[in-house]
1. Kindly state which strands (runs of 3 or more DSSP E) lie completely within segment 64-157 and contain at least 2 residues that are more than 9 Å from ligand 1 (Cβ to nearest atom), without any contact (Cβ under 8 Å) to a residue 40 or more places away in the chain and over 17 Å from ASN212 (Cβ atoms).
2. Any chance you could count how many residues in segment 239-288 are in a helix (DSSP H, G or I) and in contact (Cβ under 8 Å) with a residue 12 or more places away in the chain?
3. Criterion first (more than 22 Å from GLU62 (Cβ to Cβ), outside the structural domain of ASP38 (by TED's automatic domain parsing) and touching a strand residue (DSSP E or B) at 6+ places or on another chain (Cβ under 8 Å)) does ARG128 satisfy it?
4. Does ALA139 count as buried (at least 21 other Cβ atoms within 10 Å of the Cβ) and in contact with a Gly (Cβ under 8 Å, 6 or more places away or on another chain)?
5. Identify, from the list GLU109, GLU143, GLU171, the residue that is closer than 17 Å to ALA201 by Cβ and touching a Leu at 6+ places or on another chain (Cβ under 6 Å).
6. Answer yes if at least one residue in segment 183-202 is away from ligand 1 (no atom under 14 Å from the Cβ) and within 17 Å of the chain's Cα centre (by Cα), and no otherwise.
7. Do you know which of the residues in segment 24-43 that are within 12 Å of ligand 2 (Cβ to nearest atom) and polar (S, T, N, Q) is farthest from GLY183 (Cα to Cα)?
8. Looking at (1) under 30 Å from VAL204 (Cβ atoms); (2) at pLDDT below 95; (3) away from ligand 2 (no atom under 16 Å from the Cβ), which one does GLY46 not meet, given that it meets all the others?
Amino acid sequence: ATPTAVIVGTGRGAELGVLVKRAEVFERMERLTTIVLDKTGTLTLGRPTVTDVIPVAGWSAEELLRLAAAAESRSEHPLARAVIEAALENDSTVPSVERFEAFPGRGVEALVAERMLLVGTMRFLQERGVTVEPASEDAAALEAAGKTVIAVAVDGTLAGLIGLADRPRPEAPTVVRALRDRGLRVVLLTGDNERTARSIARAVGIDEVRANVLPDQKASVIRALQEEGQIVGMVGDGINDAPALAQADVGIAMGSGTDVALEAGDVVLVRPDLHGILVALELARRTLATIR
Ligand code: ADP
Ligand code: MG
């Protein structure tokens, strides 16, 4: 590779909002066979809003939301922000938190007004011995609509469900189609549940889904694809995605994402627009054509 062509390539990329950190990335980009896309914040806008509050008997929707918001008040997760906003819109005062612990990919545990709260996936509550079956039909209905479900337990007993919706980025279907037209295999990777993931995947034209993947397992999913012989590009935005971005043959970080993801990526999309993936692929093709 002549250094000149590579500098031209990276310079042109910067103009297009695609930063390529190392020249050898172009060659790996040309050989990609699979693109893995994170769901929240990558394929979707990453701005979930509360759409449903479903208390179980004995609880009011307002109290459910208020307690959930209190438990989430120390979390930096986008879902937490949405729950707090919804509670504040209700004009609720959010009680303060005495103890708090976050479980990445699962949820949070907090002590609020002398009550132990668990707020997170159905699976997380189940692991902690909470009976969630009475809500499973409601949860399934929310998930089928592509919504993320968080369950709330108070002192070990289910208090209700909160449904949140996060829209796919408007360009997602076009970009997925263009990737597939190039012969690339496209996979959706998420910590969210299977049904929600499938619903979002269907909306954007992806048929391969890896759901319920805990943050520390995302990199293993990439490794498994590589062991199958795939050359993998991973697109992500969150702290959770950093190990997977590093494991991938080409890590592509959404510029709207966290600093950790930006550091782990080989390519940074300055604008939060999935078209950047296509720009990066095209840039690699042209740059290598100039060199050869
Ligand atoms: P993704 O892979 O889609 O970016 P995460 O790995 O961050 O998602 O989280 C996976 C799932 O864990 C979420 O869909 C949610 O159900 C649950 N979860 C994670 N953090 C929280 C939180 N702070 N409050 C409630 N639920 C949470
Ligand atoms: Mg994400």
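The values are calculated or read from the model by the stated rules, or taken from the named source; none is laboratory data. This is a predicted model, so every value here is computed, not measured. Quick reminder, even Gly has a Cβ in these numbers, built from the backbone with ideal geometry, and neighbours come from all protein chains shown.
1. On the way: elements: 97-103, 107-112, 115-120, 148-154.
In segment 64-157, 97-103, 107-112 are the strands (runs of 3 or more DSSP E) which contain 2 or more residues that are more than 9 Å from ligand 1 (Cβ to nearest atom), without any contact (Cβ under 8 Å) to a residue 40 or more places away in the chain and over 17 Å from ASN212 (Cβ atoms).
2. If we filter segment 239-288 for residues that are in a helix (DSSP H, G or I), which is where we start, we get 239-247, 259-264, 275-288.
Of the ones still in play, those that are also in contact (Cβ under 8 Å) with a residue 12 or more places away in the chain are 239-247, 260-261, 263-264, 275-281, 283-288.
Count: 26.
3. Yes; evaluated as a whole, the condition is true for this residue.
4. Values: buried (at least 21 other Cβ atoms within 10 Å of the Cβ): yes; in contact with a Gly (Cβ under 8 Å, 6 or more places away or on another chain): no.
So ALA139 fails the test.
5. Values: GLU109 fails: closer than 17 Å to ALA201 by Cβ; GLU143 fails: touching a Leu at 6+ places or on another chain (Cβ under 6 Å).
Residue meeting the stated conditions: GLU171.
6. Yes, some residue in segment 183-202 is away from ligand 1 (no atom under 14 Å from the Cβ) and within 17 Å of the chain's Cα centre (by Cα).
7. THR40
8. For GLY46, the exception is condition (3).
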